[in-house]
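Each remark here refers to the structure printed beneath this line.
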Amino acid sequence: MDRDGVRYRPETGCAAQADLRHDPLTATAPPAERWLLIESHTAWPRQALSSLGHSGLREGLSGGELGALVARRCREAGVRPVLIRRYGRVDRNGPRRWGLVDCQPGRELVRWGELPADEHLLEVLAGNDPGQVSDEPVYLVCTHGRHDACCAVRGRPVAAALATAYPERTWECSHIGGDRFAANVVVLPHGLFYGHVPTARAVELAKRYDEGVVVPDLLRGSGAFNPAVQAAQHFARAAGHSPAVGNLLPQSVEVLGGHRWRILLASTNGPIAVEVSAHLDTVDARLTCAGSSPAQVRRFELHSLTTA
């Protein structure tokens, strides 16, 4: 059911309406320099981490308390936690895994380990279980229907397409932000957020990543960078600079005031100076299926782009 007892319909959901409004994807990736991936065999509630604790708890710690504790430890460590699961049928009796991902430029790394019980996540966050380094990328597809129906309706076909082509790399995941941009895909370890991903182009994102490039028209940005840097990178690519994953790294960010920034990007063609500003636009729309109207959306404007 949708808000006010109205049944959800995909054609009137937040993602379909954002499509019709042509909401820009530019610089909408939420900050996420590090990730904690938690394989879950239980149903995901709206607040995903509240499901932690079903696998056996330390004495005196309830499931809700464990979820809150893991969330707090993640905030303190600058880590974004999400639940993950394989697409399709899940062997609920099989072993579960945890993943720890670093998306910081030059430090990109994925590590995996076994998760015997949910409370073991505290050991992982404390650095007491280093896991095993993996050189395989990870594809997360948000399918968290209890958070927003659009994520499930649009995300599951994309997850199916990716899982068919890359079964070991692909995971459904809980809420990652930007419901109206469903289907949302995150490519790790570079933290690339893609939005409004059509099922027919899901495998394209993976193939292009293997080639070391981004797909600009679907890219929301990299969570490793703040929104102003994401916007500067977008405008540089739109001006013809290389879409290589490692190109356009920020060298400096100068805050000019008035929601304006001057950002120096390193490029294969030499340094690029980009000046951008951010503006809030009011729209008569709901940005999530459970949201309210009117709402505000942030939009970035390019003021100058010069090369040395």
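Only the coordinates and a few stated rules stand behind these numbers; no lab work does. A quick note: this is a predicted structure, and the numbers were derived from the prediction, not measured. All Cβ positions, glycine included, derive from the backbone under ideal geometry; neighbour counts span all protein chains shown.
Take the Cα atoms of the stretch 122-161, build their convex hull, and give its volume per residue in Å³.
Working: hull volume 3.8 nm³, N = 40.
Given the Cα convex hull of the stretch 122-161, per-residue volume reads 95 Å³.
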**OP:** Determine the distance separating the Cα centre of the stretch 6-54 from the Cα centre of the stretch 183-214; give it in Å without decimals.
**Re:** 16 Å
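In debye, nearest 20, what is the charge dipole magnitude of the chain about its Cα centre with +1 on Lys and Arg Cβ and -1 on Asp and Glu Cβ, if you could check?
On the way: 34 positive and 33 negative charges, 97 e Å.
My answer is approximately 460 debye.
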Subject >> D (Stokes-Einstein, µm²/s), Kirkwood Cα radius, the stretch 211-308, 0.692 mPa s at 37 °C >> reply: 227 µm²/s
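With a Förster radius of 45 Å, plug the Cβ-Cβ distance of R92 and E204 into 1/(1 + (r/R0)^6) and report the FRET value to the nearest 0.05. Write down the numbers at each step before the final one.
Values: r = 33 Å, r/R0 = 0.73.
For R0 = 45 Å, the calculated efficiency reads 0.85.
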Subject >> Relative contact order of the chain, pairs being alpha-carbon contacts under 8 Å that are 6 or more residues apart, as % >> reply: 18 percent
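Taking all pairs of different Cα atoms in the stretch 91-201, averaging 1/r and flipping that mean, what Kirkwood radius in angstroms comes out?
Working: mean 1/r = 0.0670 Å⁻¹.
Roughly 14.9 Å, rounded to one decimal.
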Original post:
Using just the C-alpha positions of the stretch 34-134 as equal point scatterers, what log10 of I(q)/I(0) does the Debye formula give at each q in 0.11, 0.21, 0.22 1/Å?
Top reply: -0.31, -1.15, -1.25
Subject >> For the stretch 72-121 versus the stretch 229-291, the gap between their alpha-carbon centres in whole angstrom >> reply: 29 Å
